[in-house]
Amino acid sequence: MKDKKTVILYLSLVLGGIASGFLNALIGTGGGILITLILKKLYEKDNAFGAEDVFASTLAAVAIMSAGTVAVYILRGTFDPADAVPYIIPAVFGGAAGALVLGRINSEIFKKLFAMLVIWAGVSMIVR
């Protein structure tokens, strides 16, 4: 039997994953933000799991849940993959550039930039 802390950790990850996938599929964004917040909270005291680990794990989870969501939209006939072609290659290059820069940005500055981006996204959704 696993100890209580491990069970709580796994349960938090499973429930967080479900909530993130649901949010991502429902509004097309937010799942990654939720995963980032959950991982940061769960591993903030674990020095072996740093910011790069959190973001890499988040990106892997977002890629998988987004692929599942896209598959559902394709099967329902509400999305044509050809519509995404102009964004795929630039997104891959942007993602690679971001991954290379992440390790070079001061984490406190990055946290503030990330918070400002989330606030800007939220305000723009409210205004529209």
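Multiplying the sequence separation of residue 64 and residue 82 by 0.36 nm and subtracting their Cα-Cα distance, what value in nm do you get?
Contour length minus the Cα-Cα distance gives 4.5 nm.
By its C-alpha gyration tensor, with a ≥ b ≥ c as the square roots of the eigenvalues, how is the range 40-128 shaped: rounded for a/c under 1.5, else prolate for a/b larger than b/c, else oblate?
Judged from the Cα gyration tensor, the range 40-128 comes out prolate (a/c at least 1.5, a/b above b/c).
Fully extended, how many nm does the chain gain between residue 105 and residue 22 (0.36 nm per residue separation, minus their Cα-Cα distance)?
Value of the extension gain: 26.8 nm.
How do 101, 54 stack up against each other in accessible area, from largest to smallest, with a 1.4 angstrom probe?
101, 54
For the pairs 4/111; 4/40; 4/112, note any where the Cα-Cα span goes beyond 26 Å.
Among 4/111; 4/40; 4/112, the Cα-Cα distance tops 26 Å for 4/111; 4/112.
Which of the aspartates and glutamates could be linked to residue 45 by a straight reach, that is with a Cα gap under 15 Å, when you skip same-chain ones fewer than 8 residues away?
Of all the aspartates and glutamates, those that pass the test against residue 45 - Cα under 15 Å, at least 8 places apart if same chain - are 53.
Going from most exposed to least, what order do 117, 102 have by accessible area with a 1.4 Å probe?
117, 102
If the cut-off is 19 Å between C-alpha atoms, which aspartates and glutamates fall inside it for residue 5, apart from same-chain ones fewer than 8 positions away?
Counting by Cα, and skipping residues close in sequence, residue 5 has these aspartates and glutamates nearby: 44, 46.
Using protein chains only and a probe of 1.4 angstrom, how many square angstrom of residue 44 are accessible, to the nearest 10?
110
Can you grab the distance from the C-alpha centre of the range 83-128 to the C-alpha centre of the range 19-61, Å, no decimals?
Distance between centres, Cα-based: 14 Å.
In nm, to one decimal, how far is the modelled label at residue 14 from the one at residue 92, with both set 7 Å along Cα→Cβ?
Between residue 14 and residue 92, the label points sit 3.6 nm apart.
Counting only other residues whose beta carbon sits under 13 Å from that of residue 111, what net charge do I get with K and R as +1, D and E as -1?
0
The values are calculated or read from the model by the stated rules, or taken from the named source; none is laboratory data. This structure is a prediction, so every number in the text was calculated from the model and none was measured. Don't worry about glycine lacking a Cβ; one is built from the backbone with ideal geometry, like all the others, and counts go over all protein chains shown. Please note that ligands, DNA and RNA were not included when accessible areas were found on the heavy atoms of the full protein model with its side chains. Shrake-Rupley method; radii C 1.70, N 1.55, O 1.52, S 1.80 Å.
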